[in-house]
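J.: Sharing a structure, written as structure tokens. Questions coming.
The values are calculated or read from the model by the stated rules, or taken from the named source; none is laboratory data. Computed from a predicted structure; not experimentally measured. Methodologically, a virtual Cβ is constructed for each residue, glycine included, from the backbone with ideal geometry; neighbour enumeration extends over all protein chains shown.
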Amino acid sequence: MLTKSNYLLGLQCPKLLWITKNQKEKIPEPDELTLQKFKVGNLVGVLATKVFGEGTDLSELGFRENLKGTKEALMLRKPIFEAGILVDDLFSRGDILYPVGRDAWDLFEVKSATKVKDINLHDVAFQKYVYEKAGLKIRKCFVMHINNEYVKDGKIEPKEFLIQTDVTDKIPDYSKDIKEKAENMLKIIKSTKEPKCAIGVYCSNPYDCPLKENCWEEVPEDSVMDFYRMRKLNCFELYDGGIKCLNEVPDDIKLNDKQKIQRLLAEKGGIHQDKEKIDFFLKNLKYPIYYLDFETINPAVPKFDGMKSYQRIPFQFSLHIQEEPNGELKHISFLAEGTTDPRPKFMQSLKDNLRDNGSILVYNQGFEKGVLNECQMAFPEFKEWYEKNILPRIKDLWDVFRNFWYYDPKQKGSASIKYVLPVMSNLSYSEMDINNGALASYEWERITFLENVSDEEKKKVRDNLEKYCELDTLAEVEIIEKLIALVKN
């Protein structure tokens, strides 16, 4: 049997499809963050059903019960939520079928994104193909997705929160060869041999493949996959053409300045350092230096009035203050409590501690500036303070690494602090219970908004959040110290 989700896997990678159906034990269990995405999708799906009023909900039924329930529901001519159809080894369980006239149906696919994506149209095309193959008359096709202009004001209004985008005219293009594709995928599923697939863009498009780590085991160290902005260079073409390592790239391949640095280091070894530019950056820092980092949530369904979907809401910051070069560090932290909007207290605490002089050092200022700007727009009492006192003082440590003023091949072509820190410091996130921003966001939401979390668990998570965020700013401190020592030598 080829399901809708199997079909989408097959479009991405035949090997992924085959293993999913024949060696499922090789597919890693979804982690907490992935499960949370499923929950968000389910929540948006429930909101979507409220747009259509009373209908037949088949979402809780097992496979056989769903098939039987769908046959009965089709006779009632009411909206059907998760109607399952099996025909010729093809199975589709769509989000919403809505009756139109005497014998037709409109098909609705619900997504928690804010726009229609290419993969969504493949999804709808498969559903339409299966439903029509079973004898249903599909009049129109829609993708329901989140309205990114919707602002919460009291209770979420599903009809305003969700947009119905008519994709009927686009579906024929995505239905071309669907019969042949489905038949080929059924052959793949029934085959006793695992398909051979080279690595490619599809390893992370449209989704990160759970088999990527396994498939990429043979990729050597210092491979062309480490090239900065590898996709623009089309490293997969190089790799498939036999050019697998950075030092094998011929001179006639057009490289940008950063990629040329990577190739040179792969040939001759060492680390690239532009001491003059690093020194200029350091001399533009004014003491006291405020090393700042903060964490945010960005829920699909807004939690607070005045908030849009996926808007970033800061709930925590870490601040290390150094009054003079090589001076002692003072650490200040903020971690929101309670279920009310944390932004007013967050902003006030920053205002109380950032004072009026000295550089505010961050890593990737676009994030910090963007979040703070959204906060001052929501709470105008902080507008003047932010624009006149804070904005001019922000300095971005990321500049040193994204501009390749410093580059170590161990960074694997990345300027992310998670790759930079190991080459500049002995500090590490690896042993921490919370070791990345996405997990920090998830954990704070979990202990803050779920009712069945014990006080002991809340304290444990809050302690882990404090340690994680503090390490982010300690990382900035140690990187600056390493850069200062570098330009002195």
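J.: Is it the case that Leu255 is closer than 20 Å to Tyr406 by Cβ and in contact with an Asp or Glu (Cβ under 9 Å, 6 or more places away or on another chain)?
T.: So Leu255 does not fit the description; no.
J.: On to the next question. Quick check, is Arg462 over 26 Å from the mean Cα position of the chain (by Cα) and either surrounded by fewer than 15 Cβ atoms within 10 Å (Cβ to Cβ) or farther than 26 Å from Arg229 by Cβ (or both)?
T.: no
J.: Next up: Can you tell me which residues in segment 172-188 are surrounded by 12 or more Cβ atoms within 10 Å (Cβ to Cβ) and either at positive phi or under 27 Å from the mean Cα position of the chain (by Cα) (or both)?
T.: Tyr174
J.: So Tyr419 ticks every box in (1) assigned to a helix (DSSP H, G or I); (2) loosely packed, with under 14 Cβ neighbours inside 10 Å; (3) at pLDDT below 95 but one. Which box is left unticked?
T.: With respect to (1) assigned to a helix (DSSP H, G or I); (2) loosely packed, with under 14 Cβ neighbours inside 10 Å; (3) at pLDDT below 95, Tyr419 is out only on (2).
J.: Any residue in segment 288-309 that is surrounded by fewer than 17 Cβ atoms within 10 Å (Cβ to Cβ), among the aliphatic types (A, V, I, L, M), over 24 Å from the mean Cα position of the chain (by Cα) and more than 24 Å from Asn147 (Cβ to Cβ)?
T.: No, segment 288-309 contains no residue that is surrounded by fewer than 17 Cβ atoms within 10 Å (Cβ to Cβ), among the aliphatic types (A, V, I, L, M), over 24 Å from the mean Cα position of the chain (by Cα) and more than 24 Å from Asn147 (Cβ to Cβ).
J.: How many residues are more than 18 Å from Pro344 (Cβ to Cβ) and out of contact with any Lys or Arg (no Cβ under 9 Å at 6 or more places or on another chain) when one looks only at segment 369-386?
T.: Looking only at that region, the number is 1.
J.: If you go through segment 12-43 one residue at a time, how many are within 18 Å of Leu450 (Cβ to Cβ) and of a type in the set (Lys, Arg)?
T.: Selection size over segment 12-43: 2.
J.: Within segment 377-391, is even one residue modelled with pLDDT of 95 or more, of a type in the set (A, V, I, L, M, F, W, C) and touching an Asp or Glu at 6+ places or on another chain (Cβ under 8 Å)?
T.: The answer is no, given that none of the residues of segment 377-391 is modelled with pLDDT of 95 or more, of a type in the set (A, V, I, L, M, F, W, C) and touching an Asp or Glu at 6+ places or on another chain (Cβ under 8 Å).
J.: Shifting gears a bit: For residues that are of a type outside the set (Lys, Arg) and under 18 Å from Lys190 (Cβ atoms), tally how many sit in segment 12-42.
T.: 9
J.: I'm told Asn357 meets every condition in (1) closer than 30 Å to Lys482 by Cα; (2) assigned to a loop (DSSP other than H, G, I, E, B); (3) within 26 Å of the chain's Cα centre (by Cα); (4) of a type outside the set (D, E, K, R) except one. Can you identify the failing condition by its number?
T.: For Asn357, the failing item is (3).
J.: Continuing with the same structure: Within segment 190-216, work out how many residues are assigned to a loop (DSSP other than H, G, I, E, B) and within 17 Å of Leu17 (Cβ to Cβ).
T.: 18
J.: Which count do you get for residues in segment 440-460 that are closer than 16 Å to Ser318 by Cβ and either touching a residue at least 40 places away in the same chain (Cβ under 8 Å) or in contact with a Lys or Arg (Cβ under 8 Å, 6 or more places away or on another chain) (or both)?
T.: So the count comes out to 3.
J.: Of all residues in segment 344-377, which are in contact (Cβ under 8 Å) with a residue 60 or more places away in the chain and farther than 26 Å from Glu478 by Cβ?
T.: Glu374, Cys375 - these are the residues of segment 344-377 that are in contact (Cβ under 8 Å) with a residue 60 or more places away in the chain and farther than 26 Å from Glu478 by Cβ.
J.: If you go through segment 23-54, how many residues are part of a helix (DSSP H, G or I) and not polar (S, T, N, Q)?
T.: 17
J.: Mind checking which residues of segment 23-68 are without any contact (Cβ under 8 Å) to a residue 12 or more places away in the chain and among the acidic types (Asp, Glu)?
T.: Answer for segment 23-68, where residues must be without any contact (Cβ under 8 Å) to a residue 12 or more places away in the chain and among the acidic types (Asp, Glu): Glu25, Glu29, Asp31, Glu60, Glu65.
J.: Say we look at segment 310-325 and pick out the residues that are over 18 Å from Ser349 (Cβ atoms) and more than 16 Å from the chain's Cα centre (by Cα); which of these is surrounded by the fewest Cβ atoms within 10 Å (Cβ to Cβ)?
T.: Glu324
J.: Restricting attention to segment 55-84, and to residues there that are in a loop (DSSP other than H, G, I, E, B) and acidic (Asp, Glu), which single residue is surrounded by the most Cβ atoms within 10 Å (Cβ to Cβ)?
T.: Only one residue tops the list, namely Glu82.
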